[in-house]
Structure formats: C-alpha cells, structure tokens
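Below is one structure; the comments refer to it alone.
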Amino acid sequence: SVSPGSPLPSLPLSRFLPCSSHGSPTLLSPQAAMTKLAQWLCGLALLGSAWAALALAPPGLQPPGPLRQALLPLPVYLLVAFGCYSLATVGYRLATFNDCEEAAAELQEHIRAARADLRRRGLRL
Amino acid sequence: SVLLPTYNERDNLPLVVWLLARTFSDSGIDFEIIIIDDGSPDGTQEVAQQLEKIYGSDKILFLFPSGTAYIHGMKYATGDFIVIMDADLSHHVRLQKQKEGNFDIVSGTRYKGNGGVYGWDLKRKLISRGANFLTQVLLRPGASDLTGSFRLYRKEVLQKLMERCVSKGYVFQMEMIVRARQLGFTVGEVPISFVDRVYGESKLGGNEIVSFLKGLLTLFATT
C-alpha cells in the first residue's frame, strides 16, 4: 500500500527501459513526434467523434435515413472486416511461407567441408 | 566487423566462423569476427580461442562479456560496417552481397523474396506469421521481418541507434529498425534462409510468446 506523499513503488520494467533522447532528436518526419499508441488514440478519437456526431446526433440534425442506418453499425462492420482481412492475410502468408530445402542441403555440405577443413587446421572439437 | 554474441554454441561456433571466413574471402571483403561469449559452461570460450589461433587475431577477436554484448563488442570493432547475427547457424550465411543500394541498414528477412525457413512445423510458422502481422499493424516498421536477427549496419548508424534506446534481447533488434526509420535511415532487405538450429534446441514456448507480446506493446507505447 502506498501512503500519500511517499514515492510510488518502482514497476518491474527492468527488461524494457523507456527510451531517452539526448537533446532534441532530429525529427525527419512529423510522425516521429508521436508514439504509435498516441497516433492510434488520435486517429480513433477523430474517427470516433465523427461517427458519434453523425450517428448519435439529435433528431433535428440527423443525416438522411439510409445513411444513418449504415452509419450506426459501421464500427462493428469495420472491426469484422479487419478481422477477416487479418485471417486472410496471415493464412495466405502461412501458405506461401518458403521452405528452404536446398538451403538446408547446402548447409549440410558446408558443415561437412567446414569440419574437415577445421580439423586439418588444428581445431579440437 | 561481425559481432557474434554466443551462449553455449560450442558446436555451432566453428562452423559459423568457417562459413563467414569463407564467404568474406570469396567476396574479397576484409573482415573481422568479434565473439562475445556470455560465460558459456559448455566450452564455447575454448573453441573461440582456438579459432583465434587458427585464423589470427586480426580476424578473430574473443571478448569476455561486459555489460551488453553489442555495446562491448562495438568498442573493438574496426570495420566500417557491422554485422549482427546469431551464432546458431540459423541464417545460413551466404548473403554478404548487401550494401548494393548504399543502405544504412540491411536487414535479413524470412518473409520476402526467396527467404524462408527450413524444419519448421505448421504451428511455428503460424505463430511467426501471426506475430509478424501484429507487429506490422502496430508498429508499421517499413521492414518485413523485425526478428530475423541478421543485420548489417553502417558503423555510425549503429552507434547512433544504440545510444538512443535500450531494450533487451530481441526486442532491442525490433526497436533498432523502428527508430532507424524514424530517424530517416534507409533500410534495405535481403532474403535469408533460416535453417532450424543444427545443433542445440530452439526455444519457442509460451514464455517466449508472452515476452514477445510484452515487448511489442512496450514498443507500441514508447516509439
């Protein structure tokens, strides 16, 4: 438990130290200023507020009927679409993952040659 | 300069060194191999020292560990380019033809060109592709393979990157590429063949996956 005024216990993040930048880093792109998390949050906030403004507007300001009907479940549609895209992409990449048969065979040859050569040159394994 | 951090690679190390030496001399590239052993109990150090005698200490340098292997090894590196790779014969060293295109960094990829793997079952491939997909979505790194662990860096580029951030383990490798992109360095890719460990065991259990996710999320939140 932490009493007010005492320093917070340090978190066990010893494996992952936060990045420190010395002085001002050379920012060669505006994206470098924001972390990926911040970019995502900004993007989501933007899209989310646009959607909310349109879909949840009071009756006087609502967009026309069909548009509104499509708009309301849009976030879920997009999520599902992204899910399908992810599965399809990973599935495709899995299926086309190269098996390096000849690389493995070549490697075995190299190993034989290496052991012979090194033994000749005095390596005691 | 090739930086080879090792741990219990007594069987693989001489083969890797031999392959590297042959590849470099076939291409006429001047090289040195810096072996940094993390206190292996299996006799890796003796093997490294024997290799140093065989190839000469201008070609092979053996260092005892001191802090982070890469940072330590960098101090002794005299090359203009630094290669960082695993010593477990995973990469089948036959692609030193990088540097065409004058890239700041060249990264090995298992996922493009004729890069690939050997000896992987479906589960391992699925996990690999899944993890990579997640990485691409979250980090948009501009490189197809962040954990292939075979890289070539221009020396100044590596120094600048290493002083920026410190993660540990392979998360460090991922972070390097992400930061490199942010800093505007050019990253080229080269297909590599990731042949499953010839000697020794490869680790991909639940623990590895959890720590990968932790690392990924940390990078997501901090870069």
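The values are calculated or read from the model by the stated rules, or taken from the named source; none is laboratory data. Nothing here was measured: the structure is a model prediction, and the numbers come from that model. Cβ atoms come from the backbone with ideal geometry, glycine included; neighbour counts cover every protein chain shown. Note: areas computed on protein heavy atoms with side chains; ligands, DNA, RNA excluded. Shrake-Rupley method; radii C 1.70, N 1.55, O 1.52, S 1.80 Å.
Structure values in brief
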| quantity | calculated |
| --- | --- |
| Qualifying residues in segment B:113-141 (those that are surrounded by fewer than 16 Cβ atoms within 10 Å (Cβ to Cβ) and part of a loop (DSSP other than H, G, I, E, B)) - the one farthest from the other protein chains (Cβ to nearest Cβ) | B:D121 |
| Residues being surrounded by fewer than 19 Cβ atoms within 10 Å (Cβ to Cβ) and either basic (K, R) or modelled with pLDDT of 85 or more (or both) - total across segment B:188-206 | 3 |
| Of the criteria (1) at pLDDT 85 or above; (2) among the aliphatic types (A, V, I, L, M); (3) exposed (fewer than 11 other Cβ atoms within 10 Å of the Cβ), which one A:V80 fails | (3) |
| B:Q173 vs. criteria open to solvent by 20 Å² or more (accessible area, probe 1.4 Å), on the phi < 0 side of the Ramachandran plot, more than 8 Å from chain A (Cβ to nearest Cβ) and assigned to a helix (DSSP H, G or I) | no |
| Residues located in segment A:49-62, provided they are out of contact with any helix residue (DSSP H, G or I) (no Cβ under 8 Å at 6 or more places or on another chain) and either part of a helix (DSSP H, G or I) or modelled with pLDDT of 70 or more (or both) | A:S49, A:A50, A:A52, A:A53, A:L56, A:A57, A:P59, A:G60, A:L61 |
| Where A:R112 falls short, out of the listed (1) surrounded by fewer than 14 Cβ atoms within 10 Å (Cβ to Cβ); (2) basic (K, R); (3) closer than 30 Å to B:A221 by Cα | (3) |
| First in segment A:101-125 and in a helix (DSSP H, G or I), second anywhere and of a type in the set (G, A, S) and open to solvent by less than 100 Å² (accessible area, probe 1.4 Å), Cβ under 9 Å, 6 or more apart | A:E102/B:S193; A:A103/B:G116; A:A103/B:S193; A:A104/B:G119; A:A104/B:S193; A:E106/B:S193; A:L107/B:S193 |
| Any chance A:R121 is open to solvent by 40 Å² or more (accessible area, probe 1.4 Å), among the basic types (K, R), over 30 Å from B:S128 (Cα atoms) and facing chain B (nearest Cβ under 9 Å) | yes |
| Qualifying residue in segment B:94-111 (condition: open to solvent by 10 Å² or more (accessible area, probe 1.4 Å), farther than 25 Å from A:E109 by Cβ and modelled with pLDDT of 90 or more) | yes |
| Inter-residue pairs, beta-carbon under 8 Å, first at the interface with chain A (Cβ under 9 Å from one of its Cβ atoms) and in segment B:48-64, second modelled with pLDDT of 85 or more and open to solvent by 50 Å² or more (accessible area, probe 1.4 Å), 6+ apart | B:I54/A:R121 |
| Qualifying residue in segment A:69-76 (condition: of a type outside the set (A, V, I, L, M, F, W, C), in a loop (DSSP other than H, G, I, E, B), at pLDDT 85 or above and more than 25 Å from B:K214 (Cβ to Cβ)) | yes |
